[in-house]
Structures are given as structure tokens and as C-alpha cells.
Amino acid sequence: MPQATAAVVADGLSRRFGPVEAVREVSFAVAPGEIFGLVGPDGAGKTTILRMLAGVLSPDVGEIALDGIDVRAEPERAKLHLSYMPQRFGLYEDMTVAENIFFYATLFAVPGKERRARSAQLLAAAGLGEFGRRLAGQLSGGMKQKLGLVCALIHTPRVLLLDEPTTGVDPVSRRDFWAILYGLRESGVTILLSTAYMDEAERCSRLALLHEGRIRALDTPARLKQAMLGALLAVSGPDPRGLRDALVDAPGVLGLLLMGDRVHVRVDDAARRTPELRARLASTGHAPEDIVPIEPGIEDVFVALLGPGAPA
Amino acid sequence: MSLRRILALAFKEMLQVWRDPRSLAIALLMPLMQMVMLGYGVSLDIRHVPLCVFDQENSQASRAVVERFVASGWFAITAALDSNRAVSRAMDRASCIGAVVIPADFSRQLASTGTGPLQIVFDATDTNTTNIAMGYAQGVVALVTADLDARWTAARGIRPSGVGVVDLEPEVWFNEGLESRYFIIPGVVAVILALVGAQLTSLTVAREWERGTMEQLVSTPVTPFEVMAGKLLPYFLIGVIDAAFCLLAAIYWFGVPFRGSAGTLLLTTALFIVVVLAIGYLISVRVRSQLGASQVALLVTMLPTTLLSGYTFPIDQMPAPIRFLSLLVYPRYFVTILRAVFLKGSGLVELIGPVLGLVLYAVVVLWLAARAFRKRLD
């Protein structure tokens with residue numbers, strides 16, 4: 001791992017809540033300017049990891065370094081250089097957009113001139129330019145998240161930690177959001193985010209796939225997809241559920257994933273299995289409209305990793 | 001420590017209080033309402049004690065005794081009864097709390113032996129009222145005796161010599177009219193501030209945990225001391241306004257004489273407000289839910305304050321362990337201070353003991369609260 005130059009290093013992090021091991025021996029290093037994604041189902045440990053990195057929750061075991069600062073030993077010094085946006089909206093709903101920004105700017109001792117310039121620029125980028133006097137509680141979900149980002153960026157952090165920042169956000173706001181994140185990456189800010197959206201996961205430089213508190217895979221989205229065993233076929237038809245059920249125990253099938261009106265079927269050999277599957281479906285009365293080979297998405301990788309027959 | 005951060009926190013808190021007019025109204029009106037209720041409701045003076053009379057003799061002498069009871073103003077005769085059974089029935093129904101029973105041979109015994117037997121029966125369910133009423137009754141009987149004495153000596157043409165008679169000239173200081181209200185109202189102010197003050201701050205930190213704003217706040221470089229100072233500042237202003245309401249009502253509405261200096265009053269009141277706000281804040285830091293914090297604040301302040309602050313129940317009359325315990329009940333210091341400033345006009349020098357008690361309390365509680373605030377979710 002490129003520890004010497006890394007912006008964020010997590011080394012052997014573990015954390016339990018009573019009987020639940022929320023995070024188990026998680027290690028990774030994030031290079032400056034990377035957008036590092038934490039992906040996994042609910043309860044995989046994403047929020048716990050981000051909270052530990054933000055210095056608001058202490059790990060039971062393990063070390064965290066942020067720009068070379070030991071977060072466990074000096075959490076307050078590390079906090080000067082990071083911004084953390086919790087999953088739940090953390091700003092004051094009974095205060096206006098401008099008042100929230102002013103409050104967070106003052107906590108980080110941003111000089112007045114810089115504050116005005118930055119907040120104007122960030123609000124414009126977030127499409128919130130006209131909403132300075134609106135109460136934060138009266139913003140839409142997407143606007144709230146963008147305001148959270150504006151407040152997090154008012155003091156030029158070196159590391160930005162975002163916990164599911166775009167959950168419940170409309171597509172337009174999500175686009176604004178990502179435009180700002182790409183802009184930050186250009187200026188060398190390191191970004192760690194958790195997400196439940198696979199299309200967002202694919203925009204990250206690297207991804208950690210989490211399950212039950214452990215990292216199951218960690219690589220660039222492209223390499224994760226390459227590493228997936230077998231080939232992927234998309235089977236479409238009028239009754240996708242019926243198709244899926246009919247294929248569960250077919251020979252050569254490694255995994256199944258219902259995706260809207262199609263079923264993604266992972267097989268050991270695409271050329272050999274395609275006619276076999278077609279014949280099987282026809283005999284069970286679920287004749288498919290089409291069976292085509294496709295490129296896997298992160299979701300498929302995930303299912304391949306966690307589903308039956310996954311590498312342990 | 002950064003003054004700018006403290007002011008930013010205080011400004012934020014102020015905005016939030018201002019934007020929540022209902023809570024603000026409660027914070028400002030509650031003390032006034034309590035002032036009226038406690039100010040009028042709590043009185044130790046007992047007047048017009050309901051009394052029954054069972055006069056078995058119904059002579060001139062026995063009627064004179066009854067008239068003395070009525071004339072005193074302490075008693076009101078609610079019924080004239082004609083049997084012992086009627087007396088016990090009246091006591092059972094609580095239509096009187098005492099009965100004067102004059103025997104049929106009252107005048108005869110008075111004439112033959114020089115002593116007229118008179119019985120008073122009391123319902124001692126409420127011991128405090130009974131004690132006071134018994135004291136009043138003894139005073140009335142003393143007057144009756146004096147009447148008889150005067151008549152006897154006058155009838156024999158003897159002029160009172162005065163030899164061997166001790167003449168007591170009672171003189172009461174500081175509360176010349178012996179108005180229990182003057183004694184109670186300053187204590188009521190202290191009790192109200194203790195209750196309201198802790199409620200004010202008990203919600204501030206808990207609210208942020210509940211609304212999820214604390215998670216973001218603790219991820220910033222703000223220090224626990226800054227959070228505490230920033231949060232106490234706005235409530236200090238509200239506390240001062242509440243105190244001003246109560247003190248002005250005590251002086252101008254209830255007419256309690258104010259003999260001390262405004263400076264001493266302001267300084268000690270400010271000190272007391274710091275203590276009560278700090279207590280509420282400490283609770284808010286420890287109990288991370290608003291409902292829980294508010295209930296703990298009520299529990300922690302209500303009972304000790306009403307029972308052990310000495311505002312109605314005198315501390316010197318309590319058993320030693322309780323008296324010792326009351327040293328921990330911070331409102332007792334302010335009750336003492338307010339009474340002395342109001343009625344005696346005492347200054348800081350005379351009040352050094354209770355003032356130091358409050359200072360010590362403020363320092364310890366603020367230190368505990370600053371330490372108790374963790375910038376952690378766990």
C-alpha cells in the first residue's frame with residue numbers, strides 16, 4: 001500500500017457494538033485526490049468506518065492516519081483538515097441556508113472575505129444561489145444534501161468524508177453534486193464516500209466492497225468487473241421472476257440477479273450454456289425473448305462475490 | 001479557546017430560541033405564572049380557624065369566653081352544638097377543626113375554686129395548623145383570665161400593684177408585621193429560578209443529539225468548553241429576564257419590602273442563574289434525549305428544592321443528617337441570600353458564606369459539565 005503518500009490510511013480497524021461486530025479488521029489506503037467508494041448492503045459497516053475516520057467514534061482496535069495525523073491520538077488536530085457529512089442531515093433546519101454556512105465557516109475560522117467568496121461560488125455550483133434566505137428545513141432532500149456539501153467545503157478541507165450523500169436525491173441534484181466532487185478532485189481533495197447506488201460506485205477511482213464488516217474486494221471498478229468469474233448473460237422475457245425461478249438449479253449457472261425486466265445469469269461458459277438455457281426455458285413454458293452476453297456492472301460483481309459459489 | 005467560536009455558537013442558539021416562539025413564551029411566562037400561584041398559594045398565616053362551640057352552661061361568663069374567641073380574629077365559630085356526639089360528628093365531617101367545650105358548672109367552679117375548667121378539642125390531622133391554632137387559643141384564654149382578674153380586683157377596690165409582674169414588650173425586627181408572605185416570597189423566587197433554569201438548559205444538548213445535528217458539530221474542531229459557553233450565554237439572558245420578572249413582582253406586586261442594594265441583588269442573582277443553568281446543562285450532556293433530560297431535571301431540582309431549600313420548611317428544625325444533606329441543595333443558599341437582602345438589607349460581606357457556597361457550586365458543576373461533554377458518539 002502506498003502508505004508514505006496516502007491521504008487516508010486505515011489499518012486493522014475493528015469496532016463492535018455489544019454482540020455485533022460492525023467492522024472487522026478493515027485496512028485500506030487512499031491516495032490524495034482519489035474518490036474512494038465504500039459499497040455494501042445496509043449493516044455492512046460503511047457508516048461505522050466513516051465515523052471512525054471522522055474522529056467521532058473510536059475504533060476498538062486499529063490505527064487511522066489522516067494526512068499523516070494520528071486520528072486516535074490527536075482527533076482535534078485531524079478535525080481541522082477534514083469535513084464530515086453524516087448520513088442523516090446534520091445542519092440546523094430552523095436556520096437559513098446563509099446562517100448555516102456562516103455558522104460552519106466561523107467554527108473553522110474562515111475569514112469573512114474568503115467566506116463570502118467561497119459561499120457564493122459553492123452555492124452557485126450547487127444551484128442554491130437564490131436560496132440563501134430559505135430555512136434549511138424547507139429545502140428539498142436534494143437541496144439539503146447540497147447545502148450539507150457547501151457547509152462541508154466552506155473551509156477547504158483536505159479530506160472529505162461523505163456518508164451516502166446522494167440517497168434520496170433527485171437526478172439533477174445528483175449531477176450537480178458529482179460535478180462539485182469532480183472539481184474538488186482536480187484541486188487535490190481526497191474524497192471518501194459510501195453509496196448504495198451502483199452507477200455512483202462506478203464513478204469512484206477505487207471501491208471497497210463491504211459485507212458484514214469486512215472488505216470483500218478492493219480495486220478499481222474496471223478491475224473488479226474483470227475479476228468476476230465466468231460470463232454474464234441477460235435473459236429477457238414477459239415473466240422475469242418465472243425465468244429466474246426456472247434457472248435456479250440449471251447446470252453451469254453460478255448466479256442469478258433480477259434486474260427489472262431482465263435476469264442477469266452468470267454462467268461458467270457463455271457459448272456452451274446459451275442454447276442449453278434456451279431449451280430449458282422453452283420446456284418449462286418460460287420461453288425467453290432474448291439471451292445476450294453483457295458486460296457486468298458493479299452490482300453483478302457484488303452478487304458474484306456474496307452469492308452462492310462466491311470465493312470465500 | 002476561541003471567542004469567535006463561542007459567539008457563533010451563542011448566536012446560533014439565540015436564533016433557534018427566537019425561531020421557536022412557543023418555547024420562548026413558556027420560558028418567559030412560566031416563572032410569572034408560578035410566581036402568582038406559589039406567591040398566593042403558600043402562606044403560613046392561619047386566620048379564621050373554624051371552631052365549634054358546645055356551651056353546656058350558656059351563662060354570661062361562658063358567653064364572654066366565646067366572644068373572646070370571636071373577637072380575636074383568629075377563629076370563626078361555625079356552629080353551636082348541643083351534645084358530645086354532635087361535636088365528634090362535626091369533627092368527622094371536618095366542618096370545624098376544633099371545638100370549645102364549656103362544662104355546665106363552669107361559673108360555679110370558677111366562683112367556688114377560682115378555676116374555671118374549659119376544654120378545647122382539636123383535629124390534629126394537620127399538625128402545623130393545630131399547633132398554631134392551639135397557640136392562638138392559649139392567647140385567647142390568657143385574655144379571658146386577665147379579664148376575670150381585672151374584674152375581681154376592681155370589685156374589691158384593689159389597684160393593681162405591678163409588684164412581681166414581668167411585663168414583656170415584644171419587638172420583632174425585619175418583618176415587623178409578622179407577615180409570613182414577606183418571608184416566603186423571596187424563597188419562592190429562588191425556587192422558581194431553580195426549577196425554570198434547569199429546564200431551560202436541560203434540552204439544549206439533548207436536542208442536538210436527537211435532531212442529528214450533534215454528529216456534524218462534533219466533527220468540527222470546536223472544544224467542549226466552547227460548546228458549553230456558547231450554549232449557556234443565551235439562556236443566561238433569558239434567566240436574567242425571568243429573575244427580573246420575579247423580583248419585580250415580589251417587590252411591586254406582593255409588596256415585600258426591599259432593603260438591600262440592587263448591586264448585591266443583581267450579582268447574587270446572576271451567580272445563582274449560572275449555577276442552575278449549569279446543572280441543566282450537565283443533565284443535558286449526560287442524558288441524550290430531550291424527554292429524559294427534562295424529566296431528570298425536574299426530578300433533580302423539584303423535590304430537593306421544595307423540601308430542603310428552607311423556603312417553607314425551616315432547615316434548623318430538621319434532623320442533623322437531613323440538615324447536612326441540605327448543604328448540597330444549592331437553592332438554600334440563594335433562599336438565605338434573597339431573604340437577607342430583601343428584609344435585612346444585607347450586603348455581600350454579611351452574605352459571604354452562602355455566596356461562597358454558590359461560587360463553589362458553579363465552579364464544580366461547570367467543570368463537571370465541560371468534562372462530561374464528549375465529542376464522541378459512543
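The values are calculated or read from the model by the stated rules, or taken from the named source; none is laboratory data. Bear in mind that the values here come from a model prediction, so they are computed numbers and not experimental data. Heads up, the Cβs are rebuilt from the backbone with ideal geometry, glycines too, and the neighbour counts pull from every protein chain shown.
A few remarks follow.
- Residue within region B:184-203 that is within 14 Å of chain A (Cβ to nearest Cβ) and either in contact (Cβ under 8 Å) with a residue 60 or more places away in the chain or crowded, with 21+ Cβ neighbours inside 10 Å (or both) present: yes
- Checking A:L82 against (1) surrounded by fewer than 23 Cβ atoms within 10 Å (Cβ to Cβ); (2) within 14 Å of chain B (Cβ to nearest Cβ); (3) in contact (Cβ under 8 Å) with a residue 60 or more places away in the chain, the condition it does not meet: (1)
- Hey, A:R116 more than 30 Å from A:G18 (Cβ to Cβ), more than 10 Å from chain B (Cβ to nearest Cβ) and either at pLDDT 95 or above or not in a loop (DSSP other than H, G, I, E, B) (or both) or not: yes
- All helices (runs of 4 or more DSSP H) inside region B:302-378 with 2 or more residues being small (G, A, S): B:352-372
- Within region A:85-99, restricting attention to residues that are surrounded by fewer than 24 Cβ atoms within 10 Å (Cβ to Cβ) and outside any loop (DSSP other than H, G, I, E, B), the residue that is nearest to the other protein chains (Cβ to nearest Cβ) is A:E99.
- Every residue from region A:100-113 that is assigned to a helix (DSSP H, G or I), within 18 Å of B:I6 (Cβ to Cβ) and hydrophobic (A, V, I, L, M, F, W, C): A:F102, A:F103, A:A105, A:L107
- Restricting region A:172-196 to residues that are within 28 Å of A:R15 (Cβ to Cβ) and touching an Asp or Glu at 6+ places or on another chain (Cβ under 9 Å), the residue that is surrounded by the most Cβ atoms within 10 Å (Cβ to Cβ): A:L192
- Only listed residue being surrounded by fewer than 17 Cβ atoms within 10 Å (Cβ to Cβ) and in a helix (DSSP H, G or I), chosen from B:R108, B:R47: B:R108
- Of the residues making up region A:30-60, those that are of a type in the set (D, E) and either away from every other protein chain (no Cβ under 14 Å) or out of contact with any strand residue (DSSP E or B) (no Cβ under 7 Å at 6 or more places or on another chain) (or both) are A:E34, A:D42.
- Identity of the residue in region B:209-254, outside any helix (DSSP H, G or I) and either touching a His at 6+ places or on another chain (Cβ under 6 Å) or within 14 Å of chain A (Cβ to nearest Cβ) (or both), that ends up surrounded by the fewest Cβ atoms within 10 Å (Cβ to Cβ): B:G212
- Subset of region A:61-74 (residues that are within 14 Å of chain B (Cβ to nearest Cβ), surrounded by 14 or more Cβ atoms within 10 Å (Cβ to Cβ) and part of a loop (DSSP other than H, G, I, E, B)): A:V71, A:R72
- Of all residues in region B:15-56 being among the charged types (D, E, K, R) and under 30 Å from B:V121 (Cα atoms), the one that is nearest to the chain's Cα centre (by Cα): B:D45
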